[in-house]
Number of protein chains: 2
Amino acid sequence: MMDLRQLRYFVAVARERNFTRAAHMLHIAQPPLSRQIQLLEEDLGVPLIIRKSRPIRLTEAGRLFYEQALQVLGRVEQMQAATRRVGLNQNSVVSIGFVASTLYGGLPSLVRKLRQHAPEVDIQLLEMVSVQQIPALKEGRIDIGFGRLRHSDPNVVGMVLREERLVVAIPKDTALAEDASPLAVAALAGQKVIVYPKEPRPGYADHVLNLLQSHDARPAEVQEVREIQTALGLVAAEAGVCIIPSSARQMRSDVHYRLLEGEGATSPVILSHRVGDNSRYIELVKRLIEEMYAENPPWLDPAYNFVPNHASDGSPAAHLETF
Amino acid sequence: MMDLRQLRYFVAVARERNFTRAAHMLHIAQPPLSRQIQLLEEDLGVPLIIRKSRPIRLTEAGRLFYEQALQVLGRVEQMQAATRRVGLNQNSVVSIGFVASTLYGGLPSLVRKLRQHAPEVDIQLLEMVSVQQIPALKEGRIDIGFGRLRHSDPNVVGMVLREERLVVAIPKDTALAEDASPLAVAALAGQKVIVYPKEPRPGYADHVLNLLQSHDARPAEVQEVREIQTALGLVAAEAGVCIIPSSARQMRSDVHYRLLEGEGATSPVILSHRVGDNSRYIELVKRLIEEMYAENPPWLDPAYNFVPNHASDGSPAAHLETF
DNA sequence: GCCTATGATACCAGAAAGGTATCGTAGCAG
DNA sequence: CTGCTACGATACCTTTCTGGTATCATAGGC
């Protein structure tokens, strides 16, 4: 079974391009080092080093493994340092899971506000899709989730912060892109459609596919990709159209966007947390979100968003009634 | 010394919230499991688990460690899978290091083209700043670098693909933002300036600071941050102005941009590779870049870019003469 | 073709992991 | 409040694995 020791050893060998010298750096003798590398190669079932050459060289697989091993070792060190810091300073940690699109909405300024108002907490940000957020909340891996899918888990409470209108991304210089006016969902019938994320299901892709189906807009072809970046890249490459939340328009300016019109052509932004989690930071986050919404940031443009009235009244208790 | 075994054991305990059950899952007896967790805590110098409670709970540090351990273990599996795939299929790997801003330029479509023209290669993308690309090239960790700083290492050849004009990001609703016309560099004297990245030096931050100095535009205050995202966030929060390559304008639309005018108010995009690396993929990449430039993509708008003539003539050999 | 630097192999010693038996205690039932 | 039970810690032994020493095999420069 693979082991961090083997990674450290391999990195030393790859860096030095010499077993003897690497063994020296590691403060061990050369034969055990040779053996550990052999074990590693055996475990992977792939040779990493070309030995019949002086100085030794890495195979293609070895080069890849070297690069990745460096990253993993760096990550482990970060992890140790972060854990020690939190453990020794008795700092609190607030772990926030979020879907990528919230990066183009209020998340950055929320995090900034949170750091200002609670400098003593360690804020951990983890990108994860909506369905991953529920188990992550229950296991305590995150404390707060910002997602885009409604759920009904009895142990997790969700609160709709806003409903964001959807836009369709269209390749420039096509018929649909001649107009900037809002477009009915039904008008997408017969188009090649690109959806994301491919997995895990159910996800935002299904939300989009449901929307199309409920408007009898059967696409000519559906292509699934892993991320919104890729999806928009494909739109730019004229591979089809793609439906995204309006705030994500910022990601690319080389495609054309049109607002979608029709029943359900929105996507909610949902804040979730554990039922009965009475950490003071949950309340603080809710208060900061209200504050932020009251400031009318550009991504909250009423042309593209609908904010449920309870989210803007002064009573935090009202939020909990959303589900 | 920390060990992947300990991570796996800790993850099992954290997930099960029960040592005995976790030991079962791991196919070992409970006492060794307890001991490994103790060793782990000792190594970190931080308690991870609150045992005087049934079921056991994680400390704050433990929660953080759990989350990160999951990520590390996932990363290790990915690494094994990728290495096996490359090793067994004898696929080639082309490793590309790039600075973040090229993501807003031609990198995505170059990668797409490369995948189309050479589906048998594994393309690895690694974000790294310009100065990190030189050692990464020499150690073989990457084969191609897209950076923004000129260098003069005898073992690495660089080729200027284009000179991109710089723009200054200005908070909305300030005096400088009232106009959209080009701005002289000297006009930035006395402004609070935000630069990135903080490290490693020398980097793009120094390029910007040199530019200001050479135009006698002494800033009132310089703040260094780690990434362009943060820098633009601070601009949006009215903490100052920030100079970025024009293609990065797409990143945020809630700040105001003005083109910079003046000697040297550009930033090159430089392709680097090892001297004497005659992999056919290097040539392919150069050909694809030429092809791409010939298509006049939106990020190559001549209002914002200057392409050296040798990069658009038909002769690949000319490129090598750039340095 | 020889010499040297360097990696592999063989084999032994010590450290560390895992197993079994047993003890101590949190949490709950009554 | 008391005793029971589930479950983690401790003690101690066995097995496995890592590291060390001695020695052999070979790539590459002269």
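When the criteria are applied in full, A:VAL99 meets the requirement of being assigned by TED's automatic domain parsing to the domain that holds A:SER279, in contact (Cβ under 8 Å) with a residue 60 or more places away in the chain and surrounded by 15 or more Cβ atoms within 10 Å (Cβ to Cβ). Taking (1) surrounded by fewer than 20 Cβ atoms within 10 Å (Cβ to Cβ); (2) more than 27 Å from A:THR230 (Cα to Cα) in turn, A:GLN124 satisfies each apart from (2).
Against the numbered list (1) surrounded by fewer than 17 Cβ atoms within 10 Å (Cβ to Cβ); (2) in contact with a Lys or Arg (Cβ under 8 Å, 6 or more places away or on another chain), B:TYR196 comes up short only at (1). Looking for something under 21 Å from B:GLY158 (Cα atoms), free of Cβ contacts under 8 Å to residues at least 24 places away in the same chain and assigned by TED's automatic domain parsing to the domain that holds B:MET159 - is there at least one such residue anywhere in the range B:266-278? Taking every residue of the range B:266-278 in turn, at least one turns out to be under 21 Å from B:GLY158 (Cα atoms), free of Cβ contacts under 8 Å to residues at least 24 places away in the same chain and assigned by TED's automatic domain parsing to the domain that holds B:MET159.
Across the range B:132-158, the qualifying residues are those that are more than 13 Å from every other protein chain (Cβ to nearest Cβ) and assigned to a loop (DSSP other than H, G, I, E, B), and the one among them that is nearest to B:THR102 (Cα to Cα) is B:ARG148. Out of the residues in the range B:1-34 that are within 8 Å of chain A (Cβ to nearest Cβ) and surrounded by fewer than 19 Cβ atoms within 10 Å (Cβ to Cβ), which is farthest from DNA strand C (Cβ to nearest atom)? Applying the filter and picking the extreme gives B:ARG15. Within the range B:98-109, the set of residues being of a type outside the set (Ser, Thr, Tyr) and part of a helix (DSSP H, G or I) comprises B:ALA100, B:LEU103, B:LEU107, B:PRO108.
Looking across the range B:6-49, the residues that are under 20 Å from A:ALA82 (Cα atoms), part of a helix (DSSP H, G or I) and more than 10 Å from DNA strand D (Cβ to nearest atom) come down to B:GLN6, B:LEU7, B:ARG8, B:TYR9, B:PHE10, B:VAL11, B:ALA14, B:LEU39, B:LEU40, B:GLU42, B:ASP43, B:LEU44. If only residues of the range A:35-81 that are within 16 Å of A:ASP3 (Cβ to Cβ) and of a type in the set (S, T, N, Q) are counted, the one that is nearest to the other protein chains (Cβ to nearest Cβ) is A:GLN68. Checking the stated criteria, A:HIS319 turns out not to satisfy the condition of being buried (at least 19 other Cβ atoms within 10 Å of the Cβ), part of a strand (DSSP E or B) and either at pLDDT below 85 or in the same structural domain as A:GLY145 (by TED's automatic domain parsing) (or both). How about the range A:200-225: which of its residues are more than 13 Å from A:SER267 (Cα to Cα) and more than 18 Å from the chain's Cα centre (by Cα)? Answer for the range A:200-225, where residues must be more than 13 Å from A:SER267 (Cα to Cα) and more than 18 Å from the chain's Cα centre (by Cα): A:LEU212, A:GLN213, A:SER214, A:HIS215, A:ASP216, A:ALA217, A:ARG218, A:PRO219, A:ALA220, A:GLU221, A:VAL222, A:GLN223. When B:VAL86, B:VAL94 are screened for being away from DNA strand C (no atom under 15 Å from the Cβ) and under 30 Å from B:PRO197 (Cα atoms), only B:VAL94 passes.
For the range B:142-160, the criterion of being in the same structural domain as B:GLU238 (by TED's automatic domain parsing), free of Cβ contacts under 8 Å to residues at least 12 places away in the same chain and of a type in the set (Gly, Ala, Ser) is satisfied by no residue at all. Condition check for B:SER95 on (1) among the hydroxyl-bearing types (Ser, Thr, Tyr); (2) within 12 Å of chain A (Cβ to nearest Cβ); (3) in a helix (DSSP H, G or I): one failure, at (3). Would you confirm, using the coordinates I've provided, whether A:GLN124 is part of a helix (DSSP H, G or I) and either more than 20 Å from the chain's Cα centre (by Cα) or closer than 26 Å to A:GLU199 by Cβ (or both)? Taking the combined requirement at face value, the residue does not satisfy it.
When you look at B:ARG112, is it assigned by TED's automatic domain parsing to the domain that holds B:GLY97, part of a helix (DSSP H, G or I) and touching a helix residue (DSSP H, G or I) at 6+ places or on another chain (Cβ under 9 Å), yes or no? Answer is yes for this residue. The condition of being more than 16 Å from DNA strand C (Cβ to nearest atom) and at positive phi holds for only one of A:GLY74, A:GLY45, that being A:GLY45. Within the range B:220-249, residues that are in a loop (DSSP other than H, G, I, E, B) have Cβ atoms under 7 Å from residues that are buried (at least 24 other Cβ atoms within 10 Å of the Cβ) and modelled with pLDDT under 85 in these pairs: B:VAL225/B:ALA231, counting only partners at least 6 apart in sequence or on another chain.
Taking the listed residues B:LEU183, B:LEU110, B:LEU161, B:LEU166, the one that is of a type outside the set (Val, Ile, Thr), over 22 Å from the mean Cα position of the chain (by Cα), surrounded by 20 or more Cβ atoms within 10 Å (Cβ to Cβ) and within 22 Å of B:ASP301 (Cβ to Cβ) is B:LEU183, with no other qualifying.
Note on the range A:226-269: residues that are more than 21 Å from the chain's Cα centre (by Cα) and not hydrophobic (A, V, I, L, M, F, W, C) amount to 11. Checking B:SER53 against (1) modelled with pLDDT of 85 or more; (2) over 23 Å from A:ALA81 (Cβ atoms), only one condition comes out false. Which one? That leaves (1) as the condition not met. The residues of the range A:78-96 that are without any contact (Cβ under 8 Å) to a residue 12 or more places away in the chain, more than 21 Å from the chain's Cα centre (by Cα) and surrounded by 18 or more Cβ atoms within 10 Å (Cβ to Cβ), listed by number, are A:THR83, A:GLY87.
The values are calculated or read from the model by the stated rules, or taken from the named source; none is laboratory data. These numbers come from a predicted model, not from an experiment. Every residue, glycine among them, receives a Cβ derived from its backbone with ideal geometry; neighbour counts consider all protein chains shown.
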